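Asker: Below is the structure I would like to discuss, written out as structure tokens.
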Amino acid sequence: MLPLMGSLAVALLSTGARNAAGLIAGATALAGTVLIGCLYPVLAGGRVLESRIAWLPSLGVDLVLRLDGLSWLFASLVLAIGFLVVIYARYYMSSQDPVPRFFSFLLAFMGAMLGLVLSGNLVQLAFFWELTSLTSFLLIGYWHQNESARTSARMALIVTAAGGLCLLLGVVLIGKIVGSYDLKDVLASGDAIRQHPLYMPALILVLIGAFSKSAQFPFHFWLPHAMAAPTPVSAYLHSATMVKAGIFVMIRLWPVLAGTDAWYYIVTSTGVATLVVGAWAAIFQQDLKGLLAYSTISHLGIITLLLGISSPLAAVAAIFHTLNHAFFKASLFMAAGIIDHEAGTRDLRRLSGLYRFMPITGTLAMVAAAAMAGVPLLNGFLSKEMLLAEALEDYNDTWLDQALPYLVSLALVFSVLYSVRFIHQTFFGPRPELGHTPHEAPHWMRVPIEVLVLACLLIGIFPAITIGPILGLAAHAVLGDSTPAYSLAIWHGFSQPLFLSVVALVLGAVGYVLFAGRLNAISAPPLVGLLKGRRMFDAALYFLVAGARWLETRTGTNRLQPQLRVLVMVALLAGVLPFLHYGYSLGSRHGTVLDPGFGILWVIGGVLAIAGAWQAKYQRLAAVVLVSGVGMVSCITFVWLSAPDLALTQLLVETVTTVLLLLGLRWLPKRLPDVWPERHTPASVRVRRARDLLIAILAGGGMALVSFAVMTRPLPDTISRFFIEHSYADAGGRNVVNVILVDFRAFDTLGEITVLAIVAITVFSLLRRFRPAGESVRGPLQQRRQDAFDEAGEDREPGDTLSDYLLAPRVIIEWLFPVIIVFALYLLIRGHDLPGGGFAAGVTMSIALVLQYIAAGTRSAESRLRVRPMNWMAGGLLAAAGTGTAAMLFGYPFLTSWFRYLDLPIIGKVPIATALLFDLGVFLLVVGATAVILIAIAHQSIRTPLRQKVAPVEPAPEQI
């Protein structure tokens, strides 16, 4: 939680708070590093730490944080290198950049990565996986004014998020095979997974997700384009975090997915292709960061190749190289950033001779590049030897196994060549012509590179002491008792891997000497253009957009009715499908004799409904009034059937929605036949109406059949019995409807009021910039009152004003206002046991606001209770969510309610339930949302200064 809270804290800082943002970000990363370091002795003692929070126990899905040796290693990389990147970024970022926003994005990404590596549940892992895609999108597109940054961020998001969807499907299949999504259960079910018929689709889906995230061929193209991000982002995402997420998933699931021919061929061949293509392309790059990007792809291919071999020793080598790569690649990216920062360019053709101006940076870069090339006494040499040893082993007699030594050796030659080119082309040669004299970066900007380079040296010289225990802890977390014996000594005698390593060093250096001049003249890597995944991506995106446009032209419309027609038809089909599978049957209960009064009531309702549909083509106002009459019939029906709570809610909702619909009528366009007469011939209109009538009969008849089937079943056979029996016993409320809303289904209610808030803000945002044609700034009701006042003419008394003319109805409404408020509070307080509740109370209060508007406009309604609709909605959401969070503080699931009876003096026993606080949140949000919609439809403004005489037509954003 530290990085996520730090991200929020930094986001609240002003744009110029550069030092404060860096201090908070650095302190957050450092605190996390210290905490994770303090847990090492516990893990070294053989324990696995878990923290479990119940989430969806019925589905076997809990929020689980699991820390073992592997997750500790990756969490340490995320936090420690993140801390170094924060220090580096503090000096790298320009003072004109919004630095707090940068550190906020960086800490959010750090939190997402920690969530991913610490996930003890596969569904949770998939969630954090997508969160890393989203936060990396923000980081890559940080310089959003740059078109290439926006394009690159979008590309990375599409590729990695699409891979994340595949990963989610894969983990769902694994969970179906195992019967649990808990990582502990999954890791114990390797044989069951590999032998299951769903193993192959699960394997392919998981690998697509991992390959897309870790830039494996053919998904590698997004990573070089991501170099449009600031260099600190590149150093962090492409060394220790983003691209290592896919590697982490492959290592984590290695015990249960590896060991089959499918795993071997898919993973090994992908690793080899990525290794060779990335190394070959890196040789010809003219941009420093481009060279490092393709070298990153190549080294990720090395790790994937080792994991694909499926031997325990290869898995150890993969973990080892993951760690080594993070150290030398982060330092190289930071060195490239310093070169760009001081020299003003990253073009290798313009860089030369910088060592005389930047000797410290040059020395650090040379050591890091040597580690990348696999020079002895550096960490990269050790993992390179382990790679060669595994490539030389005969695991199976296949063409791929026989070709591995040659392909790996060729890629290592390329690795040496581009490493030598990076150093020689940048730091040696003639004096550069840059127009200015470059110099060393500030000391603290170089400190992170010095720390990382020192780690490369210490691991390379003293591997058993420095990295041995950590590597052993991580390897044991993956391999368990099958962890092989291995040696981290820097000298194993003269061997074939050593010979191949020396040959790669010599051939790479000689190759650069022979072809250095030609490399500077080549603008694009030969042959790589034929394998460009970018072309496939662009083609796929083009066809996707073209297909969407074709579909839109065939099914899209600017009219609401066709959209509703499609929606109703889809719902009708969804309702029919269960009956096609299970059939339709009635219950054993017999129907009651139809009461004549009830029958007459519904005849009236049916007539009103038909009349409303008929009048809709002539008079919209009449149609709204008739439809509201149908709502009143429904209200009386609820009373007739002993459902006073529903009747009360229906009555209140009908009142408010009728007023809002009447206000909304003036926003509607002219009748469609007047706008598009050629599209509405009499024949086509008859066909459309007959079609709509048929859909209405089918939908209404279907709902009638479902309702009749439910009502003919005995009560014990329905879900109603459960709520009736448990409403008072478990939730302390006798109003079953309200208890369902605020207790049993409170999470649904929380989601519904959130949607209501979003709808209210959307309505206001859409309507605030428009005004119906022909209306003055004064507003419709004010204008109509003025017109009525003017029409009174001679009937007015001398000296009368408009206010005097409307005084009587205003006085009556003002008398009603406090009565309605008291009634609303009464409904709110008693809702847990009697008809009422937060929603009914909120709608009742909204009626008071509507009456105030009718009398004097929204300004008067606003000033009555100092209503600030946005504040009311925010307060309602906070109250509802806070009630649920408070339950978690006492060890109960989210939104668990608590109730007791308190014996108060004089008053006596009083029921107290936390559900009342949740209901209060519903009440506040409903009032605020209705006020916002009323203001938007009535075309008033949300005003802060109440004394302002005239509100602006278009309120400024800061007033909302």
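The values are calculated or read from the model by the stated rules, or taken from the named source; none is laboratory data. Everything numeric in this text was worked out from a predicted model, so none of it was measured. Here the Cβ is made from the backbone with ideal geometry for all residues, glycine too, and neighbour counts use every protein chain on show.
Asker: Please tell me if Arg589 is among the basic types (Lys, Arg) and assigned to a helix (DSSP H, G or I).
Answerer: no
Asker: Shifting gears a bit: Where in region 827-935 are the helices (runs of 4 or more DSSP H), entirely inside, with at least 2 residues that are modelled with pLDDT under 85 and charged (D, E, K, R)?
Answerer: Here the list reads 858-864.
Asker: Right, here's the next one. Hey, can you tell me all the residues within region 36-70 that are aromatic (Phe, Trp, Tyr) and farther than 30 Å from Gly468 by Cβ?
Answerer: Answer for region 36-70, where residues must be aromatic (Phe, Trp, Tyr) and farther than 30 Å from Gly468 by Cβ: just Trp55.
Asker: For region 5-47, which positions are exposed (fewer than 15 other Cβ atoms within 10 Å of the Cβ) and under 30 Å from Lys184 (Cα atoms)?
Answerer: Selection gives Met5, Val34, Leu35, Gly37, Cys38, Pro41, Val42, Ala44, Gly45, Gly46, Arg47.
Asker: Continuing with the same structure: Tell me which of these Pro442 doesn't satisfy, since it passes every other one: (1) at pLDDT 85 or above; (2) surrounded by 15 or more Cβ atoms within 10 Å (Cβ to Cβ).
Answerer: Going through (1) at pLDDT 85 or above; (2) surrounded by 15 or more Cβ atoms within 10 Å (Cβ to Cβ) one by one, Pro442 breaks only (2).
Asker: Going through Ala455, Ala485, Ala475, Ala464 one at a time, which residue ends up being more than 28 Å from Thr363 (Cα to Cα) and either in contact with a Pro (Cβ under 7 Å, 6 or more places away or on another chain) or part of a helix (DSSP H, G or I) (or both)?
Answerer: Ala475
Asker: State the number of residues belonging to region 326-348 that are under 12 Å from Leu291 (Cβ atoms) and assigned to a loop (DSSP other than H, G, I, E, B).
Answerer: Summing the residues that are under 12 Å from Leu291 (Cβ atoms) and assigned to a loop (DSSP other than H, G, I, E, B) in region 326-348 gives 2.
Asker: Suppose we filter Ser352, Ser311 for residues that are surrounded by fewer than 24 Cβ atoms within 10 Å (Cβ to Cβ), among the hydroxyl-bearing types (Ser, Thr, Tyr) and over 20 Å from Ser487 (Cβ atoms); which single one remains?
Answerer: Answer to the selection: Ser352.
Per-residue answers, yes or no, for (1) among the β-branched types (Val, Ile, Thr); (2) modelled with pLDDT of 90 or more; (3) within 30 Å of Ile283 (Cβ to Cβ):
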{"residue": "Leu471", "(1), (2), (3)": "no, yes, no"}
{"residue": "Ala474", "(1), (2), (3)": "no, yes, no"}
{"residue": "Ala477", "(1), (2), (3)": "no, yes, no"}
{"residue": "Gly480", "(1), (2), (3)": "no, no, no"}
{"residue": "Ala485", "(1), (2), (3)": "no, no, no"}
{"residue": "Trp491", "(1), (2), (3)": "no, no, no"}
{"residue": "Val503", "(1), (2), (3)": "yes, yes, yes"}
{"residue": "Gly508", "(1), (2), (3)": "no, yes, yes"}
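Asker: If you go through region 902-910 one residue at a time, do you hit one that is surrounded by 14 or more Cβ atoms within 10 Å (Cβ to Cβ) and free of Cβ contacts under 8 Å to residues at least 24 places away in the same chain?
Answerer: No, region 902-910 has no match at all.
Asker: Oh, and also: Look at region 192-202 and say how many of its residues are part of a helix (DSSP H, G or I) and under 17 Å from Ser180 (Cα atoms).
Answerer: The total comes to 5.
Asker: Then there is this: Can you name every residue in region 92-134 that is under 15 Å from Leu165 (Cα atoms) and charged (D, E, K, R)?
Answerer: Within region 92-134, Glu130 is the sole residue that qualifies.
Asker: Hey, among Ala441, Ala403, which residue is part of a loop (DSSP other than H, G, I, E, B) and farther than 17 Å from Phe320 by Cβ?
Answerer: Unique residue meeting the criteria: Ala441.
Asker: Here is a further query. Kindly indicate which of Gly511, Gly435, Gly480 is of a type outside the set (A, V, I, L, M, F, W, C) and surrounded by 13 or more Cβ atoms within 10 Å (Cβ to Cβ).
Answerer: Gly511
Asker: Evaluate the following for Ala609: is it at pLDDT 85 or above and more than 29 Å from Leu560 (Cα to Cα)?
Answerer: It is false that Ala609 is at pLDDT 85 or above and more than 29 Å from Leu560 (Cα to Cα).
Asker: Can you name the helices (runs of 4 or more DSSP H) wholly within region 634-742 that have at least 1 residues being modelled with pLDDT under 85 and either farther than 30 Å from Leu851 by Cα or not assigned by TED's automatic domain parsing to the domain that holds Leu895 (or both)?
Answerer: Helices (runs of 4 or more DSSP H) meeting the threshold: 644-664, 672-675, 682-711, 720-731.
Asker: Mind checking which pairs have a first residue in region 150-174 that is among the charged types (D, E, K, R) and a second that is outside any helix (DSSP H, G or I), Cβ under 6 Å, 6 or more apart or different chains?
Answerer: Arg150/Gly141; Arg150/His144
Asker: Same structure, new question: List the number of the failed condition for Leu205; all other conditions in (1) within 28 Å of Ala293 (Cα to Cα); (2) not in a helix (DSSP H, G or I) hold.
Answerer: The single condition Leu205 does not satisfy is (2).
Asker: For region 401-427, give me each residue that is surrounded by fewer than 16 Cβ atoms within 10 Å (Cβ to Cβ) and hydrophobic (A, V, I, L, M, F, W, C).
Answerer: Ala403, the sole residue that qualifies.
Asker: Further question on the same structure: Specify which of the listed residues (Thr345, Thr322) is of a type in the set (S, T, N, Q) and crowded, with 24+ Cβ neighbours inside 10 Å.
Answerer: After applying the criteria, what remains is Thr322.
Asker: Okay, next question. When you look at Thr304, is it over 26 Å from Phe427 (Cβ atoms), among the β-branched types (Val, Ile, Thr) and in contact (Cβ under 8 Å) with a residue 12 or more places away in the chain, yes or no?
Answerer: Yes; evaluated as a whole, the condition is true for this residue.
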